[in-house]
1. Restricting attention to region 16-45, report how many residues are away from the ligand (no atom under 14 Å from the Cβ) and within 16 Å of the chain's Cα centre (by Cα).
2. Among the residues of region 192-231, how many are within 14 Å of the ligand (Cβ to nearest atom) and out of contact with any helix residue (DSSP H, G or I) (no Cβ under 6 Å at 6 or more places or on another chain)?
3. Can you pull out every residue in region 265-282 that is exposed (fewer than 14 other Cβ atoms within 10 Å of the Cβ) and either in contact with a helix residue (DSSP H, G or I) (Cβ under 7 Å, 6 or more places away or on another chain) or modelled with pLDDT of 95 or more (or both)?
4. Can you confirm whether residue 50 is outside any loop (DSSP other than H, G, I, E, B), modelled with pLDDT of 95 or more and either over 21 Å from the mean Cα position of the chain (by Cα) or assigned by TED's automatic domain parsing to the domain that holds residue 277 (or both)?
5. If you scan region 133-159, which residues turn out to be part of a helix (DSSP H, G or I) and buried (at least 24 other Cβ atoms within 10 Å of the Cβ)?
6. So which residues in region 201-232 are touching a residue at least 40 places away in the same chain (Cβ under 8 Å), within 17 Å of the chain's Cα centre (by Cα), assigned to a helix (DSSP H, G or I) and crowded, with 24+ Cβ neighbours inside 10 Å, if there are any at all?
7. Looking at region 258-266, is at least one residue within 16 Å of the ligand (Cβ to nearest atom), outside any strand (DSSP E or B) and under 24 Å from residue 164 (Cα atoms)?
8. With the checklist (1) in contact with a helix residue (DSSP H, G or I) (Cβ under 7 Å, 6 or more places away or on another chain); (2) at negative phi; (3) assigned to a loop (DSSP other than H, G, I, E, B) in hand, flag the one item residue 30 doesn't pass.
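The values are calculated or read from the model by the stated rules, or taken from the named source; none is laboratory data. Because the structure is a prediction, the values reported are computed rather than measured. Glycine gets a Cβ as well: all are built from the backbone with ideal geometry, and neighbour counts include every protein chain shown.
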Ligand SMILES: Cc1cc2nc3c(=O)[nH]c(=O)nc-3n(C[C@H](O)[C@H](O)[C@H](O)COP(=O)(O)O)c2cc1C
């Protein structure tokens, strides 16, 4: 569908009180995929601006690390020591249906020597300057910052420095799965004692530590602050965490970051790693469409039980329809990474076109017309009418291939006779498992005959 700039105005909405041009974008990715030394502010900006050209309504600027040298020296004395000689670096991706794994050397979480932290900040400062000059006004910059250890002052220093560069929103990454996969991580978490690492998820698992950091950052800056959560937090715990973030002053939460995972071992090769050119099977980070159900759970759970927060839905969203679904469950905007890797920026283009057509067809004038519409239907299970006793399964004899699948699992109502599948009315409870699993889509739920 062809559309004009004027049409796109219909998609404008807000996140944490800041206008966003469209409700779709690319979530934080720490530098484009290239050797870090080769990524310049110009090349990084080019990638992010191409997202905008494709329809992104906001820009996530990740990896804005700034920790003043004297602070690092001081905190090093106060924090648990860690063997810093192991600094393996590397990045490798691998996909299974629905899951993409990425292994990254734990060196990425290590605090760099003071000089290189400064060099890195220099790159981010230049990147933000280029983006501010070239991006449209209603496409805000969301800068991602991460504390080191559980020290609020590290996040505050970084937040202030990045705010000075003119970003519109600050996002606290308290959810990086990369921290949970380094050696010693289990002890750090269980002993609630962290070394000077970007500890993300590990530390945010302790609500009091996370709240402390959010509170200090919110106090230190004027721009709105959001918090990126983790799929590891689970339900209903995520509600408690979201409420704590809100009470500490956060204006939004992002449903989640990567999950912690392990790739399957090679069962035909003595359990060796399936990773090409890698000598072990490390804990890794995972993302992709199989995490969509968790994303919906976080979005709906937070909308319903932690009101007063905006939401960025992230995790497994890979279709234009997914964007509308999460927004109906209360999200303000949707952001992807894996979807962009599989389908390219064309996913953003398709989403913008879909949203315009969908709103036109459904008679919605603005995003707010449908945001949160699904929430009133989220109810305690015992209050929902399942029409029990009034529905049953039916078989379409033309579609049925008599394959016998429906009698080869746990259903007691299906039976085979004369080369076809049938349903015993009096036994069928209308659960719909056959509708979901019939390989030939020959089953439907119908009203029981009176
Ligand atoms: C290669 C890669 C790098 C990422 N880097 C960051 C990062 O620097 N900061 C961050 O907050 N999230 C990072 N993420 C997490 C994504 O922003 C997103 O939360 C996650 O991939 C789940 O969304 P998805 O299922 O759409 O991929 C990264 C993800 C990938 C795949």
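1. Final tally of qualifying residues: 1.
2. Looking only at that region, the number is 3.
3. Taking region 265-282 and keeping what is exposed (fewer than 14 other Cβ atoms within 10 Å of the Cβ), we get 265-271, 276-277, 279-280.
Within region 265-282, 265, 266, 267, 268, 269, 270, 271 meet the criteria.
4. Numbers: outside any loop (DSSP other than H, G, I, E, B): yes; modelled with pLDDT of 95 or more: yes; either over 21 Å from the mean Cα position of the chain (by Cα) or assigned by TED's automatic domain parsing to the domain that holds residue 277 (or both): yes.
For residue 50, the condition - outside any loop (DSSP other than H, G, I, E, B), modelled with pLDDT of 95 or more and either over 21 Å from the mean Cα position of the chain (by Cα) or assigned by TED's automatic domain parsing to the domain that holds residue 277 (or both) - is met.
5. Step one: filter region 133-159 for residues part of a helix (DSSP H, G or I), giving 133-134, 152-159.
Hits for region 133-159 are 154, 155, 158, 159.
6. Result: 201, 231.
7. Residues of region 258-266 that are within 16 Å of the ligand (Cβ to nearest atom), as a first pass: 258-261, 263.
This time we only want the ones that are outside any strand (DSSP E or B), so: 258, 263.
Cutting the leftovers down to under 24 Å from residue 164 (Cα atoms) gives us none.
No, region 258-266 contains no residue that is within 16 Å of the ligand (Cβ to nearest atom), outside any strand (DSSP E or B) and under 24 Å from residue 164 (Cα atoms).
8. If we test residue 30 against (1) in contact with a helix residue (DSSP H, G or I) (Cβ under 7 Å, 6 or more places away or on another chain); (2) at negative phi; (3) assigned to a loop (DSSP other than H, G, I, E, B), just (1) comes out false.
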